[in-house]
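See below for the structure under consideration.
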Amino acid sequence: MDYDSFAKECIVKLTALQKQLSDEFDLNGYANWFYNQATGLLTFSTGEIELNFRFFEVGSFSHKSGTWMWSWHNENTLGNAKETTTQVKDFGTVHNFAKLTEGCFSSDEFEAWEFTAIAAKLTNAIGGYRPVNDEGLKIFLVITEFVDNETAKSIKDKYIECGDHEYRRVAFVCQHLNFTTRVGFEESFETYEGMELSDEDDFQAWCNECEVVRVAEDGWNDNAMEFAKIRVVCEGCYFKMKTLNLESE
């Protein structure tokens, strides 16, 4: 297998997928689009009408520098949005396709679509999409599946917008936890940033004083909850507080 022939085959396949995607969903008929690395959802909308898909980020192309960067090489891309592209890298390693294994290199937009087509083929995706971010970078996404609105809402409800960390998963902490003072850090279960959570689990933490009250009240009753005054923060803020409280003196 030579790279050029394989890439052309993938482009033909992606072209057919794009037509099928357009015929079925008419993506150009929506007024707005928004992709969220944290939720992994690409959303098209007009007013209250929404259309959602799961996606992963293949990479980005910069006209300014004339370079392509694979998402697996980009430290600014969230892990869940780029982990699938390691399949492309592994495929490139097996077949000695340098363009699939080098993190960043001189390229053009046509090649960017080739890389997207290859990623789509290797992951049995349903199409691709190319938004432009605030820095003018062209971001190449692979669309993996349609998501019904009820499922999309349940996914989005688990995330919160944060001024410091953009969109991250929702977490819950007592009123006493903060970013400057160590007050102890008790959790429902041991956690680490980026870990998978079941649908029933959330990041939850409280301070030493709240733990004393909780134990005295034999659990989280009304009195304990009133003392804790649980508030919502993002996952990034949660682990910033955890790091502060658990780091050595």
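Nothing in this text is a laboratory measurement; each read-out follows from the coordinates by a stated rule. Bear in mind the structure is a predicted one, so any value in this text is a computation, not a measurement. Cβ sites come from the backbone with ideal geometry, for glycine too, and all protein chains shown count toward neighbours.
Key figures for this structure:
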{"item": "Mean Cα-pair separation over length for the stretch 1-124, i.e. relative contact order, pairs under 8 Å, 6 or more apart, %", "result": "26"}
{"item": "Residue-averaged 222 nm ellipticity for the chain, from DSSP H runs of 4+ at -39500 (n - 2.57), nearest 500", "result": "-10500 deg cm²/dmol"}
{"item": "241, 225 arranged by Cβ crowding within 10 Å, fewest neighbours leading", "result": "225, 241"}
{"item": "Virtual spin-label span in nm between residue 200 and residue 102, 7 Å along Cα→Cβ", "result": "5.1"}
{"item": "Above-threshold pairs, the threshold being 29 Å between Cα atoms, out of 99/158; 64/153; 13/99", "result": "99/158; 64/153"}
{"item": "Cα gyration tensor shape of the stretch 158-246, rounded if a/c is under 1.5, else prolate or oblate by comparing a/b with b/c", "result": "prolate"}
{"item": "The chain: relative contact order as a whole-number percent, Cα under 8 Å and 6+ apart", "result": "17"}
{"item": "HN-Hα J in Hz across the stretch 119-127 - Karplus 6.51, -1.76, 1.60, θ = phi - 60°, x for Gly and Pro", "result": "4, 5, 5, 5, 10, 6, 7, 10, x"}
{"item": "FRET efficiency for residue 178 and residue 32, using Cβ-Cβ distance with R0 set to 30 Å, rounded to 0.05", "result": "0.25"}
{"item": "The stretch 162-208 versus the stretch 61-120: alpha-carbon centroid distance in Å", "result": "33"}
{"item": "Estimated distance in nm for a label pair at residue 221 and residue 65, the labels positioned 7 Å out from Cα along Cα-to-Cβ", "result": "6.0"}
{"item": "Cα-based helix-to-principal-axis angle, 3-25 vs the chain, degrees rounded to 10", "result": "70"}
{"item": "Label point distance in nm, residue 83-residue 209, each placed 7 Å from Cα along Cα→Cβ", "result": "3.8"}
{"item": "Extension gain from residue 90 to residue 192, taking 0.36 nm per residue of separation minus the Cα-Cα distance", "result": "34.0 nm"}
